[in-house]
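Reading through the structure tokens given below for one structure.
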């Protein structure tokens, strides 16, 4: 638990990612564009599966902001929020499609012990019927959420959707879950 003062004194006491992006807008647009391409573009993984990976990786990193927001967004694309909680307890016993389990094991290992990935880890993904493109997309989602989790934690973002039911409900009811749209809503990135 952090103290009463934010890590960045220019940010509010309970900063949201939007506060960070507004304070430091110079590199926001490419970050949001990459999110948009990666999480909403063409992929063998569905949008829901990619959002599930985002929430799962963020949960592994104990990044409450990304975990909470992407758990909510994943639910908008057909993923049960309780499933994501179950994955954090045990991928093997969680009620997730068997085909997705090797992908989740892969991104968990990539998050926790990346230097220990071996051919068998990738082969398990391929044996489950996924292509190299699917695995590469999962790797990219894992990587960008490890990156974003460090931005969130490193700047002291403490906003937690679990502690803000009105904000969580607004996120649940939002029709559009576009990353570039988020930038436009907060006044940074492309207009």
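So which helices (runs of 4 or more DSSP H) stay within segment 1-73 end to end and still have 3 or more residues that are under 16 Å from the mean Cα position of the chain (by Cα) and closer than 18 Å to residue 135 by Cα? Spell out how you get there, then give the answer.
Values: elements: 17-23, 28-40, 47-60.
Per the criteria, 28-40, 47-60.
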Some residue of segment 51-63 being at pLDDT below 95, in contact with a helix residue (DSSP H, G or I) (Cβ under 8 Å, 6 or more places away or on another chain) and crowded, with 19+ Cβ neighbours inside 10 Å: no
Filter result for the condition that a residue is within 15 Å of residue 70 (Cα to Cα), over 16 Å from the mean Cα position of the chain (by Cα) and surrounded by fewer than 17 Cβ atoms within 10 Å (Cβ to Cβ), over 123, 169: 169
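Return yes or no: is residue 158 at pLDDT 95 or above, under 17 Å from the mean Cα position of the chain (by Cα) and on the phi < 0 side of the Ramachandran plot? First the steps, then the outcome.
On the way: at pLDDT 95 or above: no; under 17 Å from the mean Cα position of the chain (by Cα): yes; on the phi < 0 side of the Ramachandran plot: yes.
So residue 158 does not fit the description; no.
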Candidates 108, 138, 143 - the one that is under 19 Å from residue 51 (Cα atoms), under 15 Å from the mean Cα position of the chain (by Cα) and free of Cβ contacts under 8 Å to residues at least 40 places away in the same chain: 143
Tally, over segment 91-150, of residues that are assigned to a helix (DSSP H, G or I) and under 21 Å from residue 38 (Cα atoms): 36
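The values are calculated or read from the model by the stated rules, or taken from the named source; none is laboratory data. Note that this is a predicted model, so its numbers are computed, not measured. Virtual Cβ from ideal backbone geometry, glycine too; neighbours counted across all protein chains shown.
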